[in-house]
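First comes the structure, then the notes that go with it.
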Amino acid sequence: MRILIAALITLSASPALAAGDKPFFSLGNTDFVVSIAFLIFIGILLYYKVPGKVGEMLDKRAESIRAELSEAKALREEAQSLLASYERKQKEVQEQADRIVASAKEEASNAAANAKDDIAKSVERRLAAAEEQIASAQAAAIKDVRDQAISVAVGAAKDVMAKQMDAKAAGDLIDESIDTVAAKLH
C-alpha cells in the first residue's frame, strides 16, 4: 500500500500535469499512458507478490551471509587456536633444542676435559716408560762397562801373572787349587 501511495505522489509531481496543451487524462497524452502502464506494472508486481518474494530472497541471502560469517568466525577461531597450539609446540621444540645444545656443549666440554686428562696420563706413562728405558739402557751400559772392565782386568792380571809365574809357582798353584776343590767337595 505504501508503494501505491509513493507512486501516486510521484505521478502528481510529474511534468505531465504541467503540460498545458492537452488534458492529462487523455490517451493522446503520452505521459498519461506511460503513467498508466507504470501503475499496471506496479499492480502486476504486487499481484504476484514480487516484493515479498524479493524480500524472502533477500532474507535468505542475508541468512546465508550470516551463516557464512558465523562459519568464517568459527574457522578463524579454530585457526587462531591452531596457531596458538603450533606456537606453543614451536616454543617447546625451541626449548628442547636449547636443552639439547646445552647438553651437547656440556658433553663436549666434559669430553675435552677427559681427553686432556687422558693425554696427560698418556704423556706421563710415556715419560715413565722412557725413564724406565733410559734406566734400563743405563744399567745395561754400566753392566757392559763392568763386564768390559772385568775382561780387561782379567786379561791384564793374566798377562801380569804369566810374566811373573814360572813353572814351579804354576805347579804349586795347581796343587793348591786341587786341595781347595777337594776341601769344598767333601
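No value in this document is a laboratory result; all are computed from the given coordinates. All of these numbers come straight from a predicted model, not from anything done at the bench. Every residue, glycine as well, gets a Cβ built from its backbone with ideal geometry; the counts of neighbours run over all protein chains shown.
Consider all pairwise Cα distances in the range 145-185 and report the whole-number % of them above 11 Å. Walk me through the intermediate numbers first.
Values: 569 of 820 pairs.
Considering the range 145-185, 69 percent of its Cα-Cα pairs are separated by more than 11 Å.
Would you please name the trypsin sites (Lys or Arg not before Pro) within the range 48-82 that are DSSP coil residues with at most 11 other C-beta atoms within 10 Å of their C-beta?
Details: sites: K49, K53, K60, R61, R66, K73, R76; in loops: K49.
Of the trypsin sites (Lys or Arg not before Pro), the ones in loops of the range 48-82 whose Cβ has at most 11 other Cβ atoms within 10 Å are K49.
For the range 98-186, which trypsin sites (Lys or Arg not before Pro) are in a loop by DSSP, counting at most 12 other Cβ atoms within 10 Å? Show your work: numbers first, answer last.
Values: sites: R99, K105, K116, K121, R125, R126, K143, R146, K158, K163, K168, K184; in loops: none.
Loop-located and lightly packed - none at all.
Taking 0.36 nm per residue of sequence separation and subtracting the Cα-Cα distance, how much length would be gained by fully extending the chain between V154 and D59, in nm to one decimal? Don't skip to the answer; put the middle values down first.
Working: separation 95, 0.36 × 95 = 34.20 nm, distance 13.73 nm.
Length gained, V154 through D59: 20.5 nm.
Tell me the net charge near I119. Cut-off is 13 Å between Cβ atoms, I119 excluded, with +1 for each Lys or Arg and -1 for each Asp or Glu.
Details: positive: K116, K121, R125, R126; negative: D117, D118, E124.
For residues surrounding I119, the net value is +1.
Return the loop-located chymotrypsin sites (Phe, Trp or Tyr not before Pro) in the range 38-133 (DSSP other than H, G, I, E, B) with at most 10 other Cβ atoms within 10 Å of their own Cβ; answer none if there are none.
Loop-located and lightly packed - Y48.
Grab the beta carbon distance between A67 and A97, set R0 = 30 Å, and tell me the FRET efficiency rounded to 0.05. Please list the in-between numbers first.
Working: r = 44 Å, r/R0 = 1.46.
That pair, A67 with A97, gives E of 0.10.
Quick check on the chain: helices-only [θ] at 222 nm, where DSSP H runs of length 4 and up contribute -39,500 (n - 2.57) each and the sum goes over total residues. Nearest 500, please. Don't skip to the answer; put the middle values down first.
Numbers: 4 runs with 163 residues, N = 186.
Rounded to the nearest 500, it is -32500 deg cm²/dmol.
Tally Lys/Arg at +1 and Asp/Glu at -1 over every other residue whose Cβ is under 15 Å from the Cβ of E131; what's the total? Walk me through the intermediate numbers first.
Details: positive: R125, R126; negative: E124, E132.
Charge balance near E131 sits at 0.
For A74, what is the net charge nearby, where nearby means another residue's Cβ is under 14 Å from its Cβ and Lys, Arg count +1, Asp, Glu -1? Numbers along the way, then the final one.
Details: positive: R66, K73, R76; negative: E68, E71, E77, E78.
Charge balance in the 14 Å sphere: -1.
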